[in-house]
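Right, one structure below, let's go through it.
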Amino acid sequence: MNVESRRAPARPIVLAATLGLAAACWAATASLMGGMDMGITTRPGAFGFFVAVWVTMMAAMMLPGAAPAVARHARMTGKVRAALPFAGSYLAIWALVGVVAYGLDRPHGSLAAGAVVIAAGAYEFTPVKRHFRRRCREDVGSGLGFGLCCVGSSIGLMAMLVALDVMSLFWMSVVTILACAQKLLPARAAIDVPLALALIGLGFVIVIAPPLIPGLTPPAM
């Protein structure tokens, strides 16, 4: 009875704290990104600055979808404080993804950006994507394991964000909505297939007619 009484309040407390942290990180990200949105010509800047922005971004983008898993972990352990190492190790996985993204990022044009978006759409059809998306909705013993599953599920969407403009609040919002929906909602072909086809179509538009995508390229001086 005592264990259950301790577990009962853990979920709402952890959910509120996780979502509150995500909201604060959205505000911090908007401040850090001020004036840096230059479409596909955006450069990541110094490594230290990029990592600081990236980690803040990941907390803003990924914690809303991860909040139920963080709360479940705290409830199962019966300790609210158990949420902190779980969420921290989860974000550490995404921080490593940022290091890789920084190392791979190179100046590129609309052709490369469109190709990445097409690949992201195609990834949605793969068994690997389906496997990791399913794992994101299951109980995982650690934040590291949960983070690896979620990276496997959302890596295509994150690659799309980096290719289009890693400093864009608009694309950041789009990827957040899609990633959170895929973590929280069961897979449905009636929704998932049109979404994947829409991403592929967006990629082709970027390749063929990039001016049709607002903010993709900076205005001519």
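The values are calculated or read from the model by the stated rules, or taken from the named source; none is laboratory data. This structure is a prediction, so every number in the text was calculated from the model and none was measured. All Cβ positions, even for glycine, are placed from backbone atoms using ideal geometry, and neighbour counts span all protein chains on display. The accessibility values were calculated without ligands, DNA or RNA, using every heavy atom of the protein model including side chains. Shrake-Rupley method; radii C 1.70, N 1.55, O 1.52, S 1.80 Å.
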**Message:** Taking just the alpha-carbon atoms of the stretch 1-108, what radius of gyration and Dmax come out, in angstrom?
**Reply:** 16.9, 60
**Complete:** In degrees, nearest 10, the alpha-carbon axis of helix 127-136 is tilted away from the dominant principal axis of the alpha carbons of the chain by 40 degrees
**Message:** Under 13 Å from a point placed 7 Å out from the Cα of Ala198 along the Cα-to-Cβ direction: which residues of the stretch 152-179 have their backbone N that close?
**Reply:** 174-179
**Prompt:** Please report, for the Cα atoms of the stretch 137-210, the Rg to one decimal and the Dmax as a whole number; what are they, in angstrom?
**Reply:** 13.9, 46
**Asked** Which of Val193, Val117, Val175 moves most in a GNM of the chain, Cα contacts under 10 Å?
**Response** Val193
**Fill in**
At the level of C-alpha centres, the distance separating the stretch 96-147 and the stretch 157-178, in angstrom, is 12 Å
**Asked** Considering only Ser154, Val53, Ala119, whose Cα is most displaced toward the positive end of the charge dipole of the stretch 49-157, charges sitting on Cβ of Lys, Arg (+1) and Asp, Glu (-1)?
**Response** Ser154
**Complete:** With 0.36 nm assigned to each residue of separation and the Cα-Cα distance removed, Ala115 to Ala30 gains 27.8 nm
**Asked** Relative to the present Cα-Cα distance, how much length would full extension add between Met76 and Ala95 at 0.36 nm per residue of separation?
**Response** 4.2 nm
**Fill in**
Mean shadow area (nm²) of the C-alpha convex hull around the stretch 95-152 is 4.7 nm²
**Two-site FRET efficiency, Ala187 against Leu144, from Cβ-Cβ distance with R₀ of 25 Å, rounded to 0.05** = 0.55
**Message:** Once you place label points 7 Å from the Cα toward the Cβ at His131 and Leu104, how far apart are they in nm?
**Reply:** 1.8 nm
**Complete:** Largest fluctuation, Lys129, Lys183, Lys79 only, Gaussian network model of the chain with Cα springs under 10 angstrom, belongs to Lys79
**Prompt:** For Leu104, Leu184, what's the largest-to-smallest order of accessible area, 1.4 Å probe?
**Reply:** Leu104, Leu184
**Request:** Let me know the charge dipole size of the chain about its Cα centre in debye, to the nearest 20, where only the beta-carbon of Lys, Arg (+1) and Asp, Glu (-1) is charged.
**Result:** 820 debye
**Sequence of Phe132, Phe146 from largest to smallest accessible area, 1.4 Å probe** = Phe132, Phe146
**Prompt:** Where does helix 189-208 land angle-wise versus the long Cα axis of the chain, in degrees 0 to 90, nearest 10?
**Reply:** 30 degrees
